[in-house]
Amino acid sequence: MLRILLADDEPLVLIGLQGMLEWEKLGYTVCGTARNGKLALEAIEREKPDIVIADVKMPVMDGLALAHACHEKGPLPVFIMLTSSEDFSYARRAIEAGVVDYLVKMDLTPKSLCDALARAAEQVQKEKALHDPMPTPTEMAAGLRTLQDRFLIRLYAGLIPDEAQLRREMAGLELHLDAPCLVVACCELHPANPGLTSEQQLKLNLACCRMLETTLHNYLPAHATGTDVLHFNVLFSLPEAPAGGVKALLDPLLKKASQIVYNYFSVRLRWAVGRPANAPLNLSRRCRELDTLRLLLSDSEPILFADDVENDATASKLQTVAQVKAYIRDHLSEKLTLADVAAVFNFSPGYLSQLFGRYGGGFVEYITEVRVAAAKEMLEKGDKKIYEIAEELGFESSFYFSKVFKKATGLSPREYQQK
């Protein structure tokens, strides 16, 4: 709120001004009053008001002398002057003293006072903007980084229309994307605690994003940009296309960086890595190609490379596997035999088995993985008995559930829950 000081030698005028407006609702607060210019000057030094409403004629020091004294020290506070006369000479002298408005008491109304305050408030904002201290180097760097991230998100989404605008914005943002080989990797966060609030997820994303970028920077130029609370993109700028391919270069680095993040934050990372682009404007297409790849990520395959998708036919098969996986995740409580699921998609069991073996990590293995992951979440919440979890996840008995769970995790369900 803007702070207002009232100065007038007539007590009834001060009382009338204070009752004329609902100051707080309008965004102002009356921080003090004074009965003469000298007391007003002392109050100004003490209370630091943004706006002073003062009578022209006051004892000891009049309103114009008060305005002059303050104006010599700086642009604030801004003055609104009250007078009982329409004498133009007063108005001219008020303007010379930097007064923003000159109101005749007899004509004063709540509206005219509000209008004058609005003009004064606008002047206050202008003066504060002009005289606020410059941002520190740290603040400047943080602001630049935010603008760079916004630009890259637009670039990934295909919202940069042409090369000319691309070059213009990159120059202003100190971004250098002239490397002949650009690779975008989309990262998914899978926290150990599934019950995080949105604020906690955001903080976790930012912490993981920065740590990952710092780690990868030890090996390659990398820029990590958050896209939502559970995803971020990492842009690698490579001086040349890797001789052994992108996978040979990045796979070990992503595994190492993911392990470091897990050690610190207990967050597992999954990666979909795009094909190389030879120009920044091609990155949006590479990002679209990752949409299908992301659906295939799992605990058993936390890193997948688009280079492994050889052609459109392969991409179609990957899409099919992704759809079958989505069906499995949505029907965990049902009997999910190979024959039953194949019938849903009008495939033969043999074809689905072959498809999953090539692109999905194995049909039975995937169902087990998803059921165990769901069981972990339920056990961590602790609101269901073990036999209830077994039934809800489609296991034929709690004994069989315990056997499968221990084989996958090394712990029985009860041991996992206690841990």
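Only the coordinates and a few stated rules stand behind these numbers; no lab work does. Bear in mind the structure is a predicted one, so any value in this text is a computation, not a measurement. As a convention, Cβ positions derive from the backbone with ideal geometry for all residues, glycine included, and neighbour counts pool all protein chains shown.
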> Exactly which trypsin sites (Lys or Arg not before Pro) in region 1-42 are in a DSSP loop and have at most 15 other Cβ atoms within 10 Å?
Replying inline: none
> Among the lysines, which fall within straight-line cross-link reach of Lys38, defined as a Cα-Cα distance under 29 Å, with same-chain neighbours fewer than 8 residues apart omitted?
Replying inline: Lys48, Lys57, Lys73, Lys105, Lys126, Lys128
>> Using +1 at the C-beta of Lys and Arg and -1 at the C-beta of Asp and Glu, which of Cys287, Ser398, Ala241 has the Cα lying farthest in the positive direction of the dipole of the chain?
In response: Ser398
> Given the pairs Lys335/Lys376; Lys335/Lys384; Lys255/Lys335, which span a C-alpha to C-alpha distance of over 24 angstrom in this model?
Replying inline: Lys255/Lys335
> When the chain is fully extended, how far beyond the present Cα-Cα distance does Arg145 get from Lys406, taking 0.36 nm per residue of separation?
Replying inline: 89.4 nm
>> If the reach is capped at under 12 angstrom between alpha carbons, list the aspartates and glutamates near Lys256, excluding any in the same chain fewer than eight residues apart.
In response: none
> In nanometres, what is the gap between the two model label sites at Ala164 and Ala241, each 7 Å from Cα along Cα-to-Cβ?
Replying inline: 3.1
>> Using Cα springs under 10 Å in a Gaussian network model of the chain, which residue among Ser198, Ser237, Ser85 shows the largest mean-square fluctuation?
In response: Ser85
> From the residues Leu379, Pro276, Val56, which one has its Cα farthest along the dipole of the chain in the positive direction, the dipole being from +1 and -1 charges on Cβ of Lys/Arg and Asp/Glu about the Cα centre?
Replying inline: Leu379
> Counting Lys and Arg as +1 and Asp and Glu as -1, each charge on the Cβ, what is the dipole of the chain about the Cα centre in debye, to the nearest 20?
Replying inline: 1380
> Is region 267-419 rounded, prolate or oblate when judged by the Cα gyration tensor, a ≥ b ≥ c being the square roots of its eigenvalues, rounded requiring a/c under 1.5 and prolate requiring a/b larger than b/c?
Replying inline: oblate
>> I'm spelling it out carefully: the read-out is volume of the Cα convex hull per residue in Å³, the candidates are [x] 240; [y] 128; [z] 189, and one was derived from this structure. Which label?
In response: [x]
> Which of the GluC sites (Glu not before Pro) found in region 191-252 are loop residues per DSSP with 11 or fewer other Cβ atoms within 10 Å of their Cβ?
Replying inline: Glu240
>> In region 140-308, if the dipole is taken from +1 on Lys/Arg beta carbons and -1 on Asp/Glu beta carbons about the Cα centre, which of Met140, Thr227, Leu253 is farthest to the positive end?
In response: Met140
> Once you sort the root eigenvalues of the Cα gyration tensor of region 2-131 as a ≥ b ≥ c, which label holds: rounded (a/c under 1.5), prolate (a/b larger than b/c) or oblate (the other case)?
Replying inline: rounded
> Out of Pro75, Pro280, Pro349, any idea which swings most in a Gaussian network model of the chain, alpha carbons joined below 10 Å?
Replying inline: Pro75
> GNM on the chain, C-alpha springs below 10 Å: top fluctuator among Cys187, Cys31, Cys287?
Replying inline: Cys31
> So how strong a dipole does region 310-419 carry about its Cα centre when Lys and Arg Cβ are +1 and Asp and Glu Cβ are -1, to the nearest 20 debye?
Replying inline: 360
